[in-house]
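Below: one structure, written as structure tokens.
The values are calculated or read from the model by the stated rules, or taken from the named source; none is laboratory data. This is a predicted model, so every value here is computed, not measured. Here Cβ is always computed from backbone atoms with ideal geometry, including for glycine, and neighbour counts include all displayed protein chains. The area values use the complete protein model at the heavy-atom level, side chains included, leaving out ligands, DNA and RNA. Shrake-Rupley method; radii C 1.70, N 1.55, O 1.52, S 1.80 Å.
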Amino acid sequence: MATKNIAGISVDVNEEGYMTDPSQWTEAIAKELAKEEDIELTDEHLKVAKYLREEHEKGAVLTIRKVGKSGLVDIKGLYKLFPGGPLKKSSKIAGIPKPTSCV
Amino acid sequence: MAEKKEEKPLKKVCIICAKGTIEDVYASLVMANGAVMEGIEAKMFFTFFGLDAITKKKMNKLHTGTVGNPAMTMPGGIPFPTLLGMLPGVEAGVSAMMKKQMADLDIPPVDEFLDMITAGGGEIYACKLATDMFKLKKEDLSEHVIDIITIGDFYALAGGDNTQIIFT
């Protein structure tokens, strides 16, 4: 485990850059993490990130199907927001662990 | 002397699904969906009984074979006797149970799975030879099927560095 300075805050991250303590997350951090993935963070991205954080806190297993049914964005839209990693990149930006689901 | 090998990431998977049981079809669908979720291009080619997975009338009614599957057990891990699998209704019951277990893991029905794969840019093709053999037309198939093509056409789509062909 390592710490990394993101947006002026020292946060715990794992070797793949996923935050290990979701409580350290802020929107400013999300913006920086998004930049690392070549994503310009918008309100749409943030809505998804916040939804993922809520679900993660509830202990839910996250899948793109679940996000697609959340009413926030459909799956096609999710791919557009997070190209090449609809669940992985969104989870990283949301400051939650790397998803373990195959769907 | 040990040389450090640099690995280039996988760019494209071409998945050929030739069987129509729940487990064969889902293995293909999970691999294709898993690829697009990782930013890997995915192309699927359905042939022979695998065509059931993209045939409108059959896609959500797939079964698991209960005969001749030595890996199958009953709940609790007791071996599943082949003779039991032959009884009417058993295959339907086992298939319903498989679907329920997958639904619990948020794995969608086949039609919705194809929606997800194509939403991520995955491409679906049907085999010309097998559709001719089973007398299937484009309109019998899911609207996600881009085209009915020959295996030669499919190989032509399988070019490029770091491409793998997977057969299930």
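Figures for the structure shown
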| item | result |
| --- | --- |
| Which numbered condition A:CYS102 fails, given (1) assigned to a loop (DSSP other than H, G, I, E, B); (2) open to solvent by 30 Å² or more (accessible area, probe 1.4 Å); (3) more than 8 Å from chain B (Cβ to nearest Cβ) | (3) |
| Any hit, the stretch A:36-46, residues being surrounded by 19 or more Cβ atoms within 10 Å (Cβ to Cβ) and more than 14 Å from chain B (Cβ to nearest Cβ) | yes |
| Count - residues of the stretch B:79-106 that are under 16 Å from the mean Cα position of the chain (by Cα) and either assigned by TED's automatic domain parsing to the domain that holds B:VAL25 or loosely packed, with under 14 Cβ neighbours inside 10 Å (or both) | 0 |
| Any chance A:SER10 is of a type in the set (Ser, Thr, Tyr), open to solvent by 40 Å² or more (accessible area, probe 1.4 Å), part of a helix (DSSP H, G or I) and over 13 Å from A:PHE82 (Cα atoms) | no |
| Check on A:GLY85, small (Gly, Ala, Ser) and away from chain B (no Cβ under 14 Å) | no |
| Residues located in the stretch B:1-23, provided they are of a type outside the set (A, V, I, L, M) and in contact with a strand residue (DSSP E or B) (Cβ under 7 Å, 6 or more places away or on another chain) | B:LYS11, B:LYS12, B:CYS14, B:CYS17 |
| Exclusive hit being open to solvent by less than 70 Å² (accessible area, probe 1.4 Å), among the basic types (Lys, Arg) and free of Cβ contacts under 8 Å to residues at least 24 places away in the same chain, set A:LYS88, A:LYS69 | A:LYS88 |
| Matching residues in the stretch B:136-168 - criterion: being buried (at least 16 other Cβ atoms within 10 Å of the Cβ) and polar (S, T, N, Q) | B:SER142, B:THR163, B:THR168 |
| Selected residue (criterion: most open to solvent (accessible area, probe 1.4 Å)) from residues of the stretch B:65-78 that are over 16 Å from B:ALA96 (Cβ atoms) and touching a residue at least 12 places away in the same chain (Cβ under 8 Å) | B:VAL67 |
| Subset of the stretch B:30-62 that is open to solvent by 20 Å² or more (accessible area, probe 1.4 Å) and touching a Lys or Arg at 6+ places or on another chain (Cβ under 6 Å) - its residue that is nearest to the other protein chains (Cβ to nearest Cβ) | B:GLU41 |
